[in-house]
Structure formats: structure tokens, C-alpha cells
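Peer 1: Take a look at this one; I'll ask things after.
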Amino acid sequence: MKWMSLNELRERYLSFFESKGHLRLGSFSLVPNNDKSLLLINSGMAPMKKYFTGEITPPRNRVTTCQKCIRTPDLECVGITARHGTYFEMLGNFSFGDYFKNEAIPWAWEFLTKELEIPENLLWPSVYEEDDEAYAIWRDVIGVPEERIVKLGKADNFWEHGTGPCGPCSEIYFDRGEKYGCGSPDCKPGCECDRYMEIWNNVFTQFNNMGDGTYTELEHKNIDTGMGLERLACVIQGVDNMFEVDTIRNILDKVCEISGKEYGKDRKTDISIRAITDHARASTFMISDGVIPSNEGRGYVLRRLIRRAARHGRLIGIDRPFLVEMVEAVIKENASGYPELNDKQELIKKVISNEEASFSKTIDQGLNMLSELMVEGGMLSGEDAFRLYDTYGFPLDLTIDILAEKGMTVDEDGFNTLMQQQREKARNARKASDGESWSSDGIAFDGVDATCFVGYTQNECEATVVDIVVEGEHVNSAVAGQKAIVVLSETAFYAESGGQIGDTGVIGDFKVLDTKKTAQGIFTHIGVANGDIAVGDKVTAKIDLARREAIRRNHTAAHLLQAALRKVLGTHVEQAGQLVNERSVRFDFTHFSALTADEIAEVEALVNTAILEGIVVDNREMPIDEARALGAMALFGEKYGDIVRVVKAGEFSTELCGGTHVDNTAKIGLFRIISENGIAAGTRRIEAYTGFSVLELINHYKSLLTDTAVTLKVGNIEDVAVKANAVVKQMKDDAKKIESLESKLASGKLNDIMANATDINGVKVAATLLEGVAADELRKMTDTVKAENDMAVAVLGCINGAKLTFCAGVGKGAIERGAHAGNIVRAVAQVAGGNGGGKSDSAMAGGKEIDKAADAIAAVNSIVEGMIK
């Protein structure tokens with residue numbers, strides 16, 4: 001058995017299956033594409049589910065991949081053991097209705113024993129106990145002795161997930177040796193000890209689970225192979241766990257270098273070193289695939305990982321930001337297999353740096369709060385755990401980790417209840433505005449070919465109606481007034497995708513209100529029939545050209561905007577989403593602070609310069625490698641085929657894009673940014689206008705100026721600013737005069753109030769209920785009392801509409817005698833059904849029962865008397 005690096009193993013596997021007629025695909029993004037069932041990709045087959053179900057045709061019937069994966073159910077165990085990790089790679093070879101057991105099993109054996117030279121006597125296959133076919137192949141074709149072929153039951157060797165495709169498995173185990181065993185003479189694969197390590201799993205998808213306990217044979221059988229790359233590297237490199245594998249060990253050594261600690265010397269230190277190592281790997285790859293830290297979904301997973309790593313750094317004495325250095329180590333070890341890490345390096349570092357800095361601002365306060373709440377062996381309330389999360393940014397699992405060190409637990413149910421309440425408050429009820437008859441989701445277009453799209457070069461075309469759907473049912477025709485979906489043989493209508501909305505227009509007498517596209521490439525024209533339309537009709541499909549031209553202007557402007565943002569802000573800027581319609585372009589991008597006015601002006605100027613230069617826009621298809629050589633920017637997490645469409649505006653902008661564009665930047669006309677704001681942590685949004693929308697904006701501004709000039713009685717709109725400044729100055733002067741008069745009135749009121757004060761053991765106590773006085777005026781009045789008289793207590797109340805407010809002020813001498821503003825105002829407010837409190841010298845409170853306001857003020861003397869020493 002020859003030692004190989006992890007990176008070499010990955011390449012050996014992929015090359016081997018290429019030699020068996022498989023198409024090598026790059027790893028899919030960790031962010032699932034059109035799959036709401038997963039937060040993050042967690043297996044090799046997960047991103048290819050629609051290939052297996054037949055929803056999407058695979059690029060070839062034989063495919064091989066090395067897939068990046070994230071799993072976090074056992075996050076709290078990562079670091080504590082050397083077996084657990086969140087990030088890993090899955091090697092896979094897949095057959096979509098092509099080869100089956102007779103090829104899959106021999107190829108697995110060939111790769112392990114010939115390519116990797118693992119001794120045959122160290123490999124043990126297992127089969128499902130009823131899979132005689134697989135058993136016979138292992139025994140008769142491969143030649144494995146029967147005593148080394150293990151039959152296991154359904155729980156171990158049969159893959160199924162509810163109803164649908166399923167089938168038996170055949171795994172291959174590596175014998176690590178007697179020292180890892182339990183000593184039992186019956187020890188073999190399936191035993192609970194650590195001797196036999198599963199390294200290969202062939203899933204033979206050959207049945208359909210009918211849901212009633214019966215199974216039927218699938219017409220097209222599939223192969224789904226999974227093999228953990230890190231686990232295979234443990235075998236080939238002769239190490240006990242993944243943290244000893246070469247590339248991962250190099251990352252671990254970086255933690256040791258930064259911390260000055262030695263791995264293997266102390267159990268607690270080793271836990272932190274492993275946790276940092278794993279979380280640095282996972283975070284780097286997640287950010288590379290477009291995940292940004294947030295408090296929801298996959299962004300929250302990333303935030304937990306980064307903050308957990310930062311906290312473990314503190315535990316081993318790292319007292320400075322260090323995670324960017326870990327990113328560099330991760331990229332160095334993985335860039336040969338994932339070159340995109342180098343391209344995204346600046347972004348990854350910036351995201352990590354910002355999140356680490358953000359956490360460092362609150363971690364000490366949070367830790368101090370947590371230490372005060374710790375009771376050996378006790379339970380932290382859900383309310384306190386939620387406050388740590390909401391105020392100090394402590395993910396729940398981090399709180400659980402810290403408390404576990406003190407033998408404490410957390411009321412997780414209470415925490416989750418509060419989290420759910422917060423989500424419900426924040427969630428906007430978004431409902432689809434279209435009825436079922438308007439949507440093509442869930443409608444099967446069996447037997448309908450993909451639509452030929454000619455809209456890049458044509459604004460109308462002749463076509464045949466191939467399908468009509470009304471109220472979710474396929475029909476032969478639609479009559480005037482009916483809402484329907486029409487499918488054509490070819491179309492000039494662009495279907496909504498890539499952030500660009502779908503085209504509108506007409507198909508004969510059918511009015512198209514939107515255009516969408518199924519996963520199979522069938523364009524669905526959604527609208528209303530103004531006359532009869534039937535399957536087989538020859539029709540003219542004509543888009544709303546003026547609307548399309550406006551969309552083209554905005555889409556090309558989005559490309560120019562991204563290029564300008566990268567020039568002004570840095571290459572960490574990446575598109576995080578967009579909406580292109582006929583009115584505006586809305587562009588979301590990665591950045592970590594609000595743009596300054598100068599930055600916005602510079603970006604705007606760059607885009608307008610590119611427009612006025614009249615740059616020819618080249619929009620054409622080419623091989624993906626040629627596009628990459630041109631430096632074309634790709635979308636985060638997007639999976640591209642061998643042939644891609646590239647939109648190139650001279651040397652200014654080059655992007656992969658399937659949208660529609662102008663053929664010259666001059667046709668955009670003008671570009672104007674109308675807003676810039678943050679929409680999530682690390683994500684900003686710009687909305688901008690082009691073309692006629694800019695002219696409308698200018699006219700709108702002019703109209704506002706004209707109206708303002710009339711209001712200010714200015715003859716020339718150019719004098720509006722001067723007159724407005726004069727009016728504002730006059731208002732400020734008037735406000736000062738009013739404030740002076742109010743101060744004099746308040747002083748007069750105070751004199752009357754203090755003249756009627758009661759002397760309680762040498763402390764003057766004034767209490768009264770005022771009308772028509774704002775709450776902030778109450779505070780000013782009580783502040784004046786305590787400033788002018790050390791031995792005074794003033795409690796004032798006011799009623800404004802349905803609101804009752806009390807304010808208390810206490811002088812220094814009165815405080816020394818036992819008076820406390822916070823306690824006084826709380827007791828007063830409670831008389832009126834309210835509550836409140838504050839500092840010893842100044843406090844405010846609110847009451848709920850206005851009819852008891854006078855009773856509350858009347859209680860002041862007795863409340864103060866009970867405090868005075």
C-alpha cells in the first residue's frame with residue numbers, strides 16, 4: 001500500500017473513473033440549487049437528486065465527482081473527539097440508468113486493490129442479506145472467500161427514504177488490525193468496535209418503495225457510490241483520524257504555530273485545536289460558495305462555526321484576531337483541488353475578519369454575563385440563553401459548550417420558543433399573488449420537448465402551440481377570457497431567470513403577462529386568452545419590445561455596476577442577487593460597510609463613462625474554459641455546463657450570463673443610483689435607474705423643486721436652496737426664543753412647586769401632577785431641582801393623551817439620607833398600575849391607570865418618609 005497525499009487521492013479517483021467512461025464534474029456548490037429540502041449539501045448525491053428522479057437530464061449517464069459537504073448535527077462533538085467534523089469531501093461514481101452491479105463492484109475492487117494497492121486480505125465486503133446477485137459477484141467474479149463476505153440486515157445495508165426509489169447496499173470495509181478490535185472471535189464488519197472501517201458504499205437503486213410494504217423493480221436502475229475522501233486518506237496514510245491526514249494536519253499545525261501550543265500534550269487544548277481546524281475548513285469553503293454570516297439558515301451555521309472557532313482560540317491563549325491566518329492555511333492546502341479558493345481569497349478573508357471583529361466586541365460582555373449566571377450543576381433559563389444570543393451574539397451551541405464545562409445545561413425548549421416568536425415577528429407574510437391557474441409549478445409536461453429560444457436575436461417568431469394548461473389541467477384549447485399557460489415549439493419570450501423578469505407580449509390573440517421556464521427547459525407563457533387558442537395552432541409570438549429594451553438597458557447596466565463596484569471597493573465584491581425589470585436594476589453585493597457619498601459618486605461616474613464611450617457589447621456562447629480564460633465572472637454557487645454565454649463590454653466588464661442585453665453601452669442612455677442600503681450582514685443593495693427612468697426621475701426632481709419654490713415664494717428655482725437655508729435659520733432662532741420662554745415658564749412653575757414642598761426629616765419633598773407638559777420637560781424640571789437643592793426630592797407627573805408619566809429627581813444629600821429616585825418612582829407608578837425605575841438620582845416610570853394619577857402623587861410623601869434615615 002503506497003502512501004499518497006489527500007490531493008493525489010482525489011485526482012487518482014476521478015481519473016480512474018474518467019477512464020471508465022465517466023464525465024468528471026467539478027464539485028457542486030455547498031448551497032443547494034433549487035432544493036429547499038436541504039440547508040447545505042451533505043452528500044455526494046444530494047446535488048444530483050433531480051438526475052436520479054429524471055426531472056433533469058444529466059450531462060452524461062456516467063458521472064464522477066468529488067463533492068464538498070457540510071454536516072452539523074454533531075457540532076457540539078467537533079473537537080471533543082477526533083472522529084467528528086463538519087466539513088468533508090465525498091468521492092462518487094454515478095450511473096443514471098447505465099451500468100449496474102456487474103460493473104460497479106469490480107471497478108470498486110480494481111480501484112482499491114490495483115490503483116491504491118490495498119492488500120486484498122484487508123478488505124471485507126458486506127451485502128444486504130437478500131441480495132444474492134451482489135453476493136455472487138463478490139464470491140464468483142471478484143473471488144472473495146465466503147468467510148470474508150458479510151451479510152447484513154435492512155438497517156445496515158438497505159437504503160431507503162420513505163416512498164420512492166431505494167435499494168440494497170454493498171459496502172467495503174478495511175481491516176485496521178487486532179489492536180483496534182474487541183477481541184471477540186466473531187469480530188467482523190457490523191461489530192461495534194473500531195477494527196473494521198467502512199471506506200466504500202455502493203447503493204444499488206433498483207426498487208420503488210410503494211409505501212404499503214411492497215417493492216417494485218425500477219425500469220432504469222442506478223448506481224450511487226459514496227466514499228469519504230478523508231476516511232480513505234486515513235487508510236492510505238496509516239493514521240488514526242482525519243486530523244492526522246496530511247493536508248488537515250498542516251492546517252492543525254498552523255493553529256499550534258499561532259497559539260504556541262503543542263498538539264497531543266493536553267486533552268482540553270487538543271479539543272480547541274481540532275475545533276479551530278475543522279471550523280476554519282468549513283467556513284472557508286462556505287464563504288467561497290457565497291454563504292455570508294447571518295442569524296438565519298445557512299448564514300447562521302456559518303456564524304456559529306466562526307464564533308465557535310474564535311472562542312476556542314481564546315481558550316488556548318490566542319488574544320488577537322487569527323482566523324484570517326487560518327483561511328490562508330486552508331487555501332494553501334486545498335487550492336490544487338479547488339482553484340476558485342484563490343479567486344475568492346480576498347472575499348473569504350474579509351468576511352472572516354469582519355465576523356471575528358464583530359464577535360470580539362461583545363464576547364467579553366457576554367462571558368461576564370454568563371459567569372454571573374453560572375451555578376454548578378444548574379440549568380440556564382431559555383430567557384437568559386436567548387438574551388446572550390440576541391444581545392451578545394452567542395449562538396446557542398456556544399452557550400451550551402461553555403456551560404457544559406461547568407456541568408450546567410440550558411433550557412433549550414425555552415430558547416427555541418423565544419427564537420420562534422422572534423422569527424414570527426420578523427417574518428413578512430409573503431403569499432403568491434397568482435392563483436393556481438397562473439403557475440406552472442408542479443405541472444408535469446410529459447412528452448413535451450424543451451422550447452427553442454430565439455429571443456437573443458429575434459423579437460418575434462412563428463411557432464406552433466404544443467400544449468395549453470387551464471386550472472392545472474392539460475387541455476386542447478382555451479377560450480376568450482380564460483387564464484391559461486401556453487407552451488410553444490419555439491419562442492422569442494425570455495423566461496424569468498438569473499434575476500431578469502420574464503417577457504410580456506402577445507401570442508396571436510393570447511396576452512402574455514409573464515414567462516417562466518421549467519427545469520426541463522419548457523417555456524411557459526402565462527396570461528389571458530383574448531380569443532380562442534388551440535393546440536396545433538400556428539401563431540406569431542411577439543414580445544413587448546419597448547419593455548424588453550428597457551430590461552436590456554438595466555441588465556447591461558447591472559454588469560457595468562458590478563465592474564465599477566469592484567474597481568472602487570475591491571475585488572471582494574461579488575453579486576449576491578439581483579432583480580432586473582423594465583423600471584430599475586436592483587443589485588445585491590458582498591460588502592461590509594455603507595458606501596460613502598464619494599464612493600457612490602465614483603461608481604456612478606465610472607458606469608456613465610462606460611455608457612458614454614459607446615462600448616460594443618459582445619454576447620455569445622463559448623466553451624467554459626475559453627470563458628474562464630477571458631476572466632469572465634461567474635455567479636456564486638452557480639453550476640455551469642461545458643458551453644456558456646458570455647457578455648463582454650470591451651475591457652470594462654466580462655460576465656457569464658444568460659440574460660438579454662443591449663449591443664452597445666450607449667443605448668443605456670444614463671445611469672443613476674437612487675438608493676444604497678444594507679439588507680443583511682455583509683450584503684449591500686443598490687437600486688438604480690437607466691434610460692427613460694432617469695429622465696422621469698429628473699422631471700420628478702424638477703417638479704418637486706418647482707413646487708418648493710412656489711411654497712417658499714421664490715421666483716427662480718435656483719434660489720430655492722438660499723431661501724430654504726434662510727427659513728431654517730429663522731426656525732432655529734424662533735425655536736431658541738420658544739425654548740427660552742418655556743424655560744422661564746417652567747422656572748415659575750418650579751418656584752411654585754418648591755414653595756409648597758413638604759419637609760420630611762430635613763428633606764424637602766415636592767410632588768405634583770402637571771398638565772400639557774412633555775415627558776422630557778419633566779426630566780429637565782427634576783434635574784433643575786436636584787441641581788439647586790442637595791436635600792430635595794421632586795416627583796412630577798404628567799398626562800399626555802392616554803399616556804401617564806412620572807419622573808423623580810433626588811439631590812446628593814437626600815441620596816445620602818436614603819432616598820433613591822428609581823425606587824421612589826417605581827413605587828409611585830405601581831399605585832397607578834404601572835412600573836419603572838432607574839438610577840438613584842434620576843428615574844422615570846409609566847402608569848396605566850390615569851384615574852389613579854392623583855392617588856399616586858399623593859403617595860409620594862409616605863414613600864419618601866419610609867426611606868429617609
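The values are calculated or read from the model by the stated rules, or taken from the named source; none is laboratory data. Everything numeric in this text was worked out from a predicted model, so none of it was measured. Here Cβ is always computed from backbone atoms with ideal geometry, including for glycine, and neighbour counts include all displayed protein chains. Heavy atoms of the whole protein, side chains included, go into the accessibility calculation; ligands, DNA and RNA do not. Shrake-Rupley method; radii C 1.70, N 1.55, O 1.52, S 1.80 Å.
Peer 1: Roughly how big is segment 35-172's charge dipole about its Cα centre, with Cβ charges of +1 (Lys, Arg) and -1 (Asp, Glu), in debye to the nearest 20?
Peer 2: In debye, rounded to 20, segment 35-172 gives about 640.
Peer 1: Still on this structure, please answer the following. What does the charge count around Phe100 come to, taking other residues whose C-beta lies under 15 Å from its C-beta (Lys +1, Arg +1, Asp -1, Glu -1)?
Peer 2: -4
Peer 1: Too long at a 31 Å Cα-Cα cut-off: which of Lys101/Lys188; Lys344/Lys542; Lys780/Lys869?
Peer 2: Correct reply: Lys344/Lys542.
Peer 1: Once the Cβ-Cβ distance between Leu612 and Ser840 is put in as r, and R0 is 51 Å, what FRET efficiency do you end up with, to the nearest 0.05?
Peer 2: That gives a FRET efficiency of 0.15.
Peer 1: May I ask you to give the percent of accessible area on segment 688-815 that is carbon plus sulfur, with a probe radius of 1.4 Å?
Peer 2: 56 percent
Peer 1: Report the relative contact order of the chain, percent, no decimals, based on alpha-carbon pairs under 8 angstrom and at least 6 residues apart.
Peer 2: 6 percent
Peer 1: How many angstrom lie between the C-alpha centres of segment 820-869 and segment 446-473?
Peer 2: 75 Å
Peer 1: With an 8 Å cut-off on Cα pairs and a minimum separation of 6 or more residues, tell me the relative contact order of segment 201-342 in percent.
Peer 2: 19 percent
Peer 1: What are the principal axis extents of the Cα atoms in segment 452-599, in Å, biggest first?
Peer 2: If we take the Cα atoms of segment 452-599, the spans are 58, 27, 25 Å.
Peer 1: Moving on to the next point. Along its principal axes, what span do the Cα atoms of segment 551-632 show, with the longest given first and each in whole Å?
Peer 2: The Cα atoms of segment 551-632 stretch 40, 26, 24 Å along their principal axes.
Peer 1: Given (1) -0.89, -1.18; (2) -0.84, -1.49; (3) -0.98, -1.36, which label gives log10 I(q)/I(0) by the Debye sum over Cα atoms at q = 0.08, 0.11 Å⁻¹ as computed from the coordinates?
Peer 2: Comparing each candidate, only (3) matches the computed number.
Peer 1: Continuing with this model, one more query. In whole angstrom, how long is each semi-axis of the equivalent ellipsoid of segment 147-218, when you take the square root of 5 times every eigenvalue of its Cα gyration tensor and sort them from largest down?
Peer 2: Taking √(5λ) for each Cα gyration eigenvalue gives 31, 11, 9 Å.
Peer 1: Using helices alone, what [θ] at 222 nm do you get for the chain, with -39,500 (n - 2.57) per DSSP H run of 4 or more residues, divided over all residues and rounded to the nearest 500?
Peer 2: Counting only the DSSP helices, I get -12000 deg cm²/dmol.
Peer 1: At 0.36 nm per residue, minus the direct Cα-Cα distance, what do Asn861 and Asp35 gain on full extension? Give it in nm, one decimal, please.
Peer 2: Stretched out fully, the Asn861 to Asp35 stretch lengthens by 290.6 nm.
Peer 1: Still on this model: Provide the gained length on full extension for the span Ala774 to Gln422, in nm with one decimal, where the gain is 0.36 nm per separating residue minus the Cα-Cα distance.
Peer 2: Value of the extension gain: 123.5 nm.
Peer 1: Further, regarding this structure: Assuming 0.692 mPa s and 37 °C, estimate D for segment 756-865 with Stokes-Einstein, Rh taken as the Kirkwood radius over Cα pairs, in µm²/s.
Peer 2: 250 µm²/s
Peer 1: Once the other residues with Cβ under 14 Å from the Cβ of Lys839 are scored (Lys, Arg +1; Asp, Glu -1), what is the net sum?
Peer 2: Within the 14 Å Cβ shell, the charges total +2.
Peer 1: Provide the per residue accessible area, probe 1.4 Å, for segment 774-869, rounded to a whole number of square angstrom.
Peer 2: Per-residue accessible area for segment 774-869 comes out at 44 Å².
Peer 1: Consider just the alpha-carbon atoms of segment 323-406 and return their Rg together with their Dmax, both in angstrom.
Peer 2: 17.3, 50
Peer 1: Still on this structure, please answer the following. Write down, largest first, the equivalent ellipsoid semi-axes of segment 151-294 in whole Å, where each equals the square root of 5 times an eigenvalue of the alpha-carbon gyration tensor.
Peer 2: 37, 24, 12
Peer 1: Hey, can you find the accessible area per residue of segment 591-664 for me, probe 1.4 Å, expressed in square angstrom?
Peer 2: Here the residues of segment 591-664 average 50 Å² of exposed surface.
Peer 1: Sticking with this one: Restricting attention to the alpha-carbon atoms of segment 211-366, what are Rg (one decimal) and Dmax (integer), both in Å?
Peer 2: 18.8, 62
Peer 1: Further question: Quick one: of Lys49/Lys538; Lys179/Lys254; Lys49/Lys154; Lys732/Lys786, which pairs are farther than 27 Å apart, Cα to Cα?
Peer 2: Lys49/Lys538; Lys179/Lys254; Lys732/Lys786, as the Cα separations exceed 27 Å there.
Peer 1: At what distance in angstrom do the alpha carbon centres of segment 345-400 and segment 619-698 lie from each other?
Peer 2: 39 Å
Peer 1: Now for a separate question. Restricting things to alpha carbons, find the Rg to Rh ratio for segment 450-496 using the Kirkwood radius for Rh.
Peer 2: Over the Cα atoms of segment 450-496, Rg/Rh equals 1.01.
Peer 1: Output wanted: per-residue J couplings in Hz (rounded whole) for segment 293-303, from phi through Karplus 6.51 cos²θ - 1.76 cosθ + 1.60, θ = phi - 60°, x for Gly and Pro.
Peer 2: Couplings: x, 7, 9, 9, x, 5, x, 6, 4, 4, 4 Hz.
Peer 1: Expressed as a whole percentage, what fraction of the accessible surface of segment 145-219 belongs to carbon and sulfur atoms when a 1.4 Å probe is rolled over the protein heavy atoms?
Peer 2: Carbon-and-sulfur percentage of accessible area, whole number: 45.
Peer 1: Next up: Pop the C-beta distance of Thr53 and Ala155 into the FRET formula with R0 = 35 Å and round what comes out to the nearest 0.05.
Peer 2: 0.90
Peer 1: Then there's this: So what are the radius of gyration and Dmax for the Cα set of segment 638-679, in Å?
Peer 2: Cα only, segment 638-679: 14.0, 38 Å (Rg, Dmax).
Peer 1: Next question. From the C-alpha gyration tensor of segment 123-189, pull out the three semi-axes of the equivalent ellipsoid (sqrt of 5λ each), sorted largest to smallest, in whole Å.
Peer 2: Equivalent-ellipsoid dimensions as semi-axes: 24, 16, 9 Å.
Peer 1: Right, next: Kindly give Rg over Rh for segment 200-243, based on alpha-carbon atoms, with the Kirkwood expression for the hydrodynamic radius.
Peer 2: Ratio of gyration radius to Kirkwood radius for segment 200-243: 1.29.
Peer 1: Can you compute the modelled spin-label distance between Ala357 and Thr540, with each label point 7 Å from Cα toward Cβ, in nm?
Peer 2: 6.0 nm
Peer 1: Which entries in Lys332/Lys567; Lys567/Lys667; Lys713/Lys749; Lys406/Lys839 show an alpha-carbon gap greater than 30 Å?
Peer 2: Going by Cα-Cα distance, Lys713/Lys749; Lys406/Lys839 fall outside the 30 Å limit.
Peer 1: State whether segment 234-320 is rounded, prolate or oblate according to the following rule on the C-alpha gyration tensor (a ≥ b ≥ c being the square roots of its eigenvalues): a/c under 1.5 gives rounded; otherwise a/b larger than b/c gives prolate, and the remaining case gives oblate.
Peer 2: Oblate.
Peer 1: Suppose all protein chains stay in the model; what accessible area per residue would a 1.4 Å probe give for segment 15-62, in Å²?
Peer 2: 50 Å²
Peer 1: Keeping the other protein chains in place, figure out the carbon and sulfur percent of the accessible area of segment 1-106, with a 1.4 Å probe.
Peer 2: Carbon plus sulfur share of accessible area: 48 percent.
Peer 1: Compute the convex hull volume of the Cα atoms of segment 522-570, divide it by the residue count, and report the result per residue in Å³ as a whole number.
Peer 2: Per-residue hull volume (Cα only) is 127 Å³.
Peer 1: When only C-alpha pairs under 8 Å and at least 6 residues apart count, what is the relative contact order of segment 720-848, in percent?
Peer 2: The normalised contact order for segment 720-848 reaches 17 percent.
Peer 1: Are there trypsin sites (Lys or Arg not before Pro) in segment 172-217 that DSSP puts in a loop and that have at most 16 other Cβ atoms within 10 Å, and which ones?
Peer 2: Within segment 172-217, no trypsin sites (Lys or Arg not before Pro) qualify (loop, at most 16 other Cβ atoms within 10 Å).
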